[in-house]
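What follows is a set of notes on a single structure, which appears directly below.
Please treat every number below as a calculation from the coordinates, not as lab data. Everything numeric here is computed off the predicted structure, so don't read it as measured data. In this analysis, Cβ positions are derived from the backbone assuming ideal geometry, glycine residues included, and neighbour counts consider all displayed protein chains.
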Amino acid sequence: MEHFGKEFAKRRSANGAAFERAFGIAVATPSSTGQSTSYRTIREGGATTIFTIGYEKRDGEGLISLLMDAGIELLADIREKPMSRVPDFRAAALRGFCENAGIEYRSWPELGSTEKLRENLKATGDFKRFENGFRSYILRSGQRALEELAVEAKKKPTALLCYERRHEECHRSTVAELLADMMDAGIVAM
């Protein structure tokens, strides 16, 4: 944490304000800098909470500051291909950011949206159809990966990562719901 210094503290403060502007909701939580951070509760649940986060319009340090503020210990990258045009969000860079912050990084490509599903969504713009297709796909092909991720999420605070900023516009909302159903967990979007 010392690695990020004053710039880290400035970004952490700015991130809280950005969430408040974006979602219109601020939930104060303790942080190591005494700042409050904004989160949005998607679903109430039992003792476990699944966090979700998108990296759209963020940088690596900003993302890590949000994860640290939430007490995340495992970042579960659920992209089919953990690549990005933005260097901070390529798997190796994310692993490095996480390592420096004391957060475990793991990729679950089996929980990513397939290229075919993404192309269909792009062509139709019908997210509900995409969501239904993705849910069917994961229940057929990703059950084992879901179970593995559920085991990890019970052990340590976990955040699901993908690109889209808004939880509702990303396949991670479906993965989070399936996990929450399995675990009687809550869901919080960051």
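Placing R0 at 22 angstrom, the Cβ-Cβ distance between Met83 and Ser141 gives a FRET efficiency of 0.60 after rounding to 0.05. Listed from fewest to most Cβ neighbours within 10 Å, the set Arg165, Arg58 follows the order Arg165, Arg58.
Cβ-to-Cβ counts within 10 Å put Tyr39, Tyr105, Tyr163 in ascending order as Tyr163, Tyr105, Tyr39, the fewest first. Here's how it looks for Thr49: its modeled amide H is under 5 Å from those of Gly186, which are all 5 or more places away or on a different chain.
With a Förster radius of 22 Å applied to the beta-carbon distance between Arg106 and Lys128, the computed FRET efficiency rounds to 0.15. Run the paramagnetic zone check for Glu44: 7 angstrom along Cα to Cβ, then residues of the stretch 163-190 with backbone nitrogen under 19 Å. The answer is 177, 180-189, whose backbone nitrogens lie closer than 19 Å to the label point.
Rounded to the nearest 0.05, the FRET efficiency derived from the C-beta distance between Glu56 and Val151 at R0 = 35 Å is 0.75.
In terms of distances greater than 24 angstrom between alpha carbons, the cross-link table entries Lys57/Lys81; Lys57/Lys122; Lys81/Lys116; Lys57/Lys155 yield Lys57/Lys155.
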